[in-house]
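Peer 1: For reference, the structure I am asking about is given below.
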Amino acid sequence: MSKLLCPSMMCADFSSLEAEVAALDQAHVDIYHIDIMDGKFVPNFGMGLQDFEYIRKSTNKKVDVHLMVENPANHIDLFAEKGADIIYFHPEADIHPARTIDRIREKGVKPGIAINPGTSVAWFAPLLSIVDYVLVMTVNPGFAGQKYLEFVNDKITELDALKTSAGHDFTIVVDGAISPEKMAQLSKFGVEGFVLGTSALFGKSRSYKEMIKKLRSL
Ligand code: DX5
Ligand code: ZN
């Protein structure tokens, strides 16, 4: 499977969001990554519903929503009905994650679980046969521009081994401080999706088209 390159839109230049989305579309990114936060599950607020709606109507490419919120089950229908293609939620924030996964699928959206750095594979393994994506957090969720947490590498290799041994078909995506070097390394660990923020895409001197082309060649 070719790499899924997912620009983390909380890192975009909001003074010209229309131009940002047009440039990212022309750079042929795969999935727009929208970080939604409630200030409780994480100590930050990320993007708003209007930001999601604006990006949704500005592109025909896939748009995901990364819910860093308590009780995510309360917000599935809203983002599904607003056009999310993938909804990631943190099972650590949900009493009944299997029910939430079912609800996401019932609404015609692909379900993904987002996993905090300190959460073990064993803890969420029962969910692996019913999700389409696993978003492995490689920073503590809530902020862009943080340092990559090297200890998460062991979890990624363990998850990839379990995916193979159990014959699961979810896609492994990583989120947080993903640099081009990290992409090259993690591609060898079975990672197929990469959320790209300030470490690999935004705030650089080169065009999105040039950088995406380079990242695809890694
Ligand atoms: C952090 C978000 C990430 C973040 C990635 O909670 O989930 O999407 O914006 O940005 P960088 O790549 O700068 O860590
Ligand atoms: Zn995210």
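Peer 1: List the number of the failed condition for residue 75; all other conditions in (1) within 16 Å of the chain's Cα centre (by Cα); (2) within 16 Å of ligand 2 (Cβ to nearest atom) hold.
Peer 2: (1)
Peer 1: Going by the structure shown, is residue 175 of a type in the set (Asp, Glu) and either more than 16 Å from ligand 1 (Cβ to nearest atom) or open to solvent by less than 10 Å² (accessible area, probe 1.4 Å) (or both)?
Peer 2: no
Peer 1: Restrict the check to the range 40-56 and report whether at least one residue is without any contact (Cβ under 8 Å) to a residue 60 or more places away in the chain, within 13 Å of ligand 1 (Cβ to nearest atom) and under 16 Å from residue 104 (Cα atoms).
Peer 2: no
Peer 1: A further question follows. Out of the residues in the range 158-167 that are assigned to a helix (DSSP H, G or I) and surrounded by fewer than 16 Cβ atoms within 10 Å (Cβ to Cβ), state the one that is farthest from ligand 2 (Cβ to nearest atom).
Peer 2: Among them, the one singled out is 165.
Peer 1: Let me ask something else about it. For the condition within 12 Å of ligand 2 (Cβ to nearest atom), among the aliphatic types (A, V, I, L, M) and open to solvent by less than 10 Å² (accessible area, probe 1.4 Å), what is the one hit in 65, 21? Working first, answer last.
Peer 2: Numbers: 21 fails: within 12 Å of ligand 2 (Cβ to nearest atom).
Answer to the selection: 65.
Peer 1: Which of the residues belonging to the range 123-155 are of a type outside the set (Lys, Arg), outside any loop (DSSP other than H, G, I, E, B), away from ligand 1 (no atom under 16 Å from the Cβ) and touching a helix residue (DSSP H, G or I) at 6+ places or on another chain (Cβ under 7 Å)?
Peer 2: Matches in the range 123-155: 124, 125, 127.
Peer 1: When the residues of the range 68-78 are narrowed to those that are of a type in the set (A, V, I, L, M) and within 16 Å of ligand 1 (Cβ to nearest atom), which ends up surrounded by the fewest Cβ atoms within 10 Å (Cβ to Cβ)?
Peer 2: Residues of the range 68-78 of a type in the set (A, V, I, L, M): 68-69, 73, 76, 78.
The next check asks that each one be within 16 Å of ligand 1 (Cβ to nearest atom); those that pass are 68-69.
Details: 68: 25, 69: 20.
By that ranking, first place goes to 69.
Peer 1: What pairs come out if I take residues in the range 123-143 that are closer than 17 Å to residue 189 by Cα and pair them with residues that are among the basic types (Lys, Arg) and open to solvent by 20 Å² or more (accessible area, probe 1.4 Å) whose C-beta lies under 7 Å away, six or more apart or interchain?
Peer 2: Filtered contacts from the range 123-143: 133/110.
Peer 1: Oh, and also: Failed condition for residue 181, given (1) touching a residue at least 12 places away in the same chain (Cβ under 8 Å); (2) of a type outside the set (S, T, N, Q); (3) within 18 Å of residue 215 (Cβ to Cβ); (4) more than 16 Å from ligand 2 (Cβ to nearest atom), with all others met?
Peer 2: Evaluating residue 181 over (1) touching a residue at least 12 places away in the same chain (Cβ under 8 Å); (2) of a type outside the set (S, T, N, Q); (3) within 18 Å of residue 215 (Cβ to Cβ); (4) more than 16 Å from ligand 2 (Cβ to nearest atom) leaves (1) as the failure.
Table: residues versus (1) within 16 Å of ligand 2 (Cβ to nearest atom); (2) of a type outside the set (S, T, N, Q); (3) touching a strand residue (DSSP E or B) at 6+ places or on another chain (Cβ under 8 Å); (4) closer than 21 Å to residue 169 by Cα.
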position: 111; (1), (2), (3), (4): yes, yes, yes, yes
position: 124; (1), (2), (3), (4): no, yes, yes, yes
position: 130; (1), (2), (3), (4): no, yes, yes, yes
position: 150; (1), (2), (3), (4): no, yes, no, no
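The values are calculated or read from the model by the stated rules, or taken from the named source; none is laboratory data. The model shown is predicted, which means the values in this text are computed figures rather than measured ones. Glycine gets a Cβ as well: all are built from the backbone with ideal geometry, and neighbour counts include every protein chain shown. Just so you know, the surface numbers come from the protein's heavy atoms only, side chains and all, with ligands and any DNA or RNA stripped out. Shrake-Rupley method; radii C 1.70, N 1.55, O 1.52, S 1.80 Å.
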